[in-house]
Amino acid sequence: MAEDRRGQRPSRGASSGGRGGASGSGRASSSRGAQGGGRGGPERTGGPKGSSSRGGYQGGKPAGGKPSGGKPSGGKSTGGKPASGKPAGKGGGSRPSSSQQRAFRPRTEERPRTAEQAVYDGPDLPENVTGAELDRGVRAQLKGLPEKLAARVARHLAAAGLLIDEDPETAYQHTLAARARASRLAVVREATGEAAYAAGHYAEALAELRAAKRMNGATDYLPIMADCHRALGNPEQAIKLAKSPSVVNFVPEAKAEMTLVEAGARRDMGQLDAALRTLELAPLTSKSRAAWVVRLRYAYADTLEAAGREADALAWFHRTHAIDSEQLTDAAERADLLERRQG
């Protein structure tokens with residue numbers, strides 16, 4: 001039985017940009033040029049000035065320009081033809097001119113926004129999010145954009161950073177709005193990938209983090225990318241990434257994250273002994289009380305129990321609980337259950 005992925009997944013804070021590439025974010029104003037098209041010119045209440053509905057002239061002028069029998073024609077033409085020289089249409093009226101057709105063209109209703117436009121707009125931005133919440137290094141990467149565009153992108157990124165724990169799906173939508181405006185910036189692709197991962201969109205997260213890696217060559221995303229492979233049912237690919245040469249140079253926290261993913265991938269493949277060996281190479285006995293040590297110990301205890309080594313698992317659940325001051329795990333409850341089972 002594979003362990004709970006969220007309990008074992010790499011923490012987003014381990015990557016270079018923090019959460020969503022920053023602790024907060026933003027973006028430029030959207031254009032709505034696709035809306036409301038199709039309206040004609042201003043409506044008029046009649047045709048061109050002086051035009052009659054019969055195609056001739058009105059107002060007491062002679063129809064042919066000369067009086068007939070010394071009397072005005074009263075607007076009727078001589079010779080049975082309209083004054084214009086063209087036969088009248090059916091019903092005695094002429095065809096409306098092109099200007100009249102435009103004038104009386106019915107107005108089209110405002111078109112609904114497309115899915116692409118909705119993504120571009122993104123969720124509403126909180127008024128108190130300015131983009132100044134971003135890390136200085138992230139803001140520096142946005143300076144190549146026009147000022148207003150950079151401000152909007154920054155606000156979306158900042159909003160994503162603030163929401164990624166409590167509402168990862170909305171955070172992801174904020175990063176998509178940022179990507180729609182600045183897709184060529186690695187920091188934006190990184191933020192989108194991390195938010196997608198938090199929201200459970202593993203294929204999208206993998207694609208975005210690959211794009212960020214191509215742009216800046218960073219390897220900090222490897223643990224998350226490996227865990228995405230696990231989630232997508234490709235544990236072999238996860239193990240392949242875990243064996244990347246660059247992992248050797250990771251800081252202890254990032255190494256621990258990769259160890260957790262590799263051990264989880266081994267368990268996915270039913271290789272419990274290999275998973276235990278992977279974890280035993282990690283600093284399980286470190287004196288640090290950091291979260292990554294807590295998580296390593298918990299994963300080891302859980303794998304021991306899965307392998308049927310309950311006595312050893314009980315000891316490591318107790319060791320985990322001893323340093324888990326922030327109660328990141330349920331090690332105490334797991335230990336209690338094992339003690340009842342053994343008693």
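The values are calculated or read from the model by the stated rules, or taken from the named source; none is laboratory data. Not measured: the values here are computed from a predicted model. Counting neighbours? That spans all protein chains shown, and the Cβs are built from the backbone with ideal geometry, glycine included.
Structure data summary
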quantity	calculated
Subset of region 157-181 (residues that are surrounded by fewer than 24 Cβ atoms within 10 Å (Cβ to Cβ), in contact (Cβ under 8 Å) with a residue 24 or more places away in the chain and not in a helix (DSSP H, G or I))	Asp165
Filter result for the condition that a residue is at pLDDT 95 or above, closer than 27 Å to Ala203 by Cα, of a type in the set (A, V, I, L, M) and within 10 Å of the chain's Cα centre (by Cα), over Ala154, Ala182, Ala158, Ala171	Ala171
Wholly enclosed helices (runs of 4 or more DSSP H) of region 187-251 bearing at least 1 residues within 20 Å of Ala282 (Cβ to Cβ) and touching a residue at least 24 places away in the same chain (Cβ under 8 Å)	222-231, 235-242
Residue list for region 142-156, filter: surrounded by fewer than 18 Cβ atoms within 10 Å (Cβ to Cβ) and touching a helix residue (DSSP H, G or I) at 6+ places or on another chain (Cβ under 9 Å)	Lys143, Gly144, Leu149
Some residue of region 321-336 being in contact with a Ser or Thr (Cβ under 6 Å, 6 or more places away or on another chain) and surrounded by fewer than 19 Cβ atoms within 10 Å (Cβ to Cβ)	no
Residue within region 118-126 that is surrounded by 22 or more Cβ atoms within 10 Å (Cβ to Cβ), at positive phi, assigned to a loop (DSSP other than H, G, I, E, B) and within 17 Å of the chain's Cα centre (by Cα) present	yes
Per-region count, region 288-311, residues in a loop (DSSP other than H, G, I, E, B) and under 18 Å from Ser325 (Cα atoms)	3
Output for region 288-313, where each listed residue is surrounded by fewer than 21 Cβ atoms within 10 Å (Cβ to Cβ) and either under 39 Å from the mean Cα position of the chain (by Cα) or touching a residue at least 12 places away in the same chain (Cβ under 8 Å) (or both)	Ser288, Arg289, Ala290, Ala291, Glu305, Ala306, Ala307, Glu310, Ala311
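Each row is one residue, and each column tells you yes or no for (1) part of a helix (DSSP H, G or I); (2) farther than 19 Å from Met225 by Cβ; (3) more than 30 Å from the chain's Cα centre (by Cα).
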| residue | (1), (2), (3) |
| --- | --- |
| Thr259 | yes, no, no |
| Ala275 | yes, yes, yes |
| Leu279 | yes, yes, yes |
| Ser286 | no, yes, yes |
| Thr320 | yes, yes, yes |
| Glu333 | yes, yes, yes |
| Leu338 | yes, yes, yes |
| Arg341 | yes, yes, yes |
